[in-house]
Amino acid sequence: MSSNMPLKLYTARTPSGFKVTIMLEELKAAYPEVDYEAISIDISRNEQKQDWYLKLNPNAVIPTLVDCSREDFIVTESSAILLYLVQHYDREMKFTFDPVTEADDYSEMLQWIFFVHGGVGPMEGQIFFFKYLSPEKIPYAIDRYVNETKRLYSVVEIRLKDRDWLAGPGRGKFSVADCNLWAWVRMHGLTVAQTLDEWPALKAWSECILARPAALAGANIPPEGNLKY
Ligand SMILES: N[C@@H](CCC(=O)N[C@@H](CS)C(=O)NCC(=O)O)C(=O)O
């Protein structure tokens, strides 16, 4: 990848990073004009806490997007990055909905994005800390975050019972809301359960995304990093 790409994504091999690379790969596959550079941040060495990075993202987390075609506009918070990308780069609204003419679908898409950003992400994210990184094993913490994540998966299960995708009319349309959730659900083997058998509709949904070459490619960018997710 060359360094004159209009979109620069500072990222790492974590669900918050993958959700954006999944969307970027989907956009790249849909639109020949879309391309980006993924810049790997080594969070195991606290690169995200260095002064140069804090100027981009004072919260010291990945991902951060810099849009060089829009005066180096900076976007932080993974879900806000997803919404920015579809606002500016999904000209045919393949992965989003028109907030005016499809107001209800757009609202439902936002609702599922917030559900993940405020729920699944923080809960499932904590499991990594308490299962793998905590110097002491605290069963209460592990149980709490695993059970809460499972409960949230069950909420999605209800949503997907009679539809293919989280938002959109009829059986729905694959959208940025699905990318946002899938980045977390595909980690289930490390977090909540070896298989998704407990949630058959969620499992079928996940398998449909796995079959999308662009999504699959995005879930492996950057290809190398200290975190082997
Ligand atoms: N709400 C933020 C969360 C981002 C986040 O927590 N990123 C983690 C990796 S998944 C990180 O960079 N952690 C570095 C650290 O905790 O020092 C978002 O969605 O962008």
Can you sort Asp143, Asp90, Asp162 by solvent-accessible area, 1.4 Å probe, largest first? Asp162, Asp143, Asp90
For region 103-212, size of Cβ-based charge dipole, Lys and Arg +1, Asp and Glu -1, in debye: 160
Rg(Cα)/(2.2 N^0.38 Å) for the chain, N = residue count: 1.00
Heavy-atom accessible area order for Trp184, Trp52, largest first, 1.4 Å probe: Trp52, Trp184
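Using a simple charge model, +1 on the beta-carbon of Lys and Arg, -1 on the beta-carbon of Asp and Glu, nothing else, what dipole does region 7-95 show about its Cα centre, in debye to the nearest 20? Present the calculation step by step, with values, prior to reporting the outcome.
On the way: 10 positive and 14 negative charges, 52 e Å.
Charge dipole of region 7-95: 240 debye, to the nearest 20.
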Under a 1.4 Å probe, what is the accessible area of the chain per residue, stated in Å²? 48
For region 1-50, whose charge dipole is built from +1 on Lys and Arg Cβ atoms and -1 on Asp and Glu Cβ atoms, the candidate among Ile41, Met5, Thr21 with its Cα farthest towards the positive end is Ile41
GNM on the chain, Cα springs under 10 Å; top mean-square fluctuation among Tyr140, Tyr106, Tyr36 goes to Tyr140
Based on the Cβ-Cβ distance of Glu136 and Glu92, what FRET efficiency does E = 1/(1 + (r/R0)^6) give at R0 = 41 Å, to the nearest 0.05? 0.20
Let me have the relative contact order for region 7-95, percent, based on Cα pairs under 8 Å that are six or more residues apart. 34
Let me cross-check Asp197: its accessible surface, 1.4 Å probe, with only protein heavy atoms counted, in Å² to the nearest 10? 90
In a Gaussian network model over the chain where Cα atoms closer than 10 Å are linked, find which of Ser154, Ser175, Ser78 has the largest mean-square fluctuation. Ser154
Of the options Met109, Thr195, Tyr153, report the single residue whose Cα projects farthest towards the positive end of the charge dipole of region 103-212 (beta-carbon charges: Lys, Arg +1; Asp, Glu -1). Thr195
So which DSSP H runs in the chain come out at 27 Å plus along the axis (Cα) with average Kyte-Doolittle of at least -0.5? 139-160
Region 180-229: which trypsin sites (Lys or Arg not before Pro) are DSSP loop and have at most 10 other beta-carbon atoms within 10 angstrom? Lys228
Please list, by residue number, every one of the GluC sites (Glu not before Pro) in region 111-163 that is coil in DSSP and has at most 10 other beta-carbon atoms within 10 Å. Glu136
Apportionment of accessible area to carbon and sulfur, the chain, percent (1.4 Å): 55
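The values are calculated or read from the model by the stated rules, or taken from the named source; none is laboratory data. Keep in mind that what you see is a predicted model, and the values were worked out from it rather than measured. A quick note on method: Cβ atoms are made from the backbone with ideal geometry, for glycine too, and the neighbour counts reach across all protein chains shown. Just the protein is used for accessible areas: all its heavy atoms, side chains included, with ligands, DNA and RNA removed. Shrake-Rupley method; radii C 1.70, N 1.55, O 1.52, S 1.80 Å.
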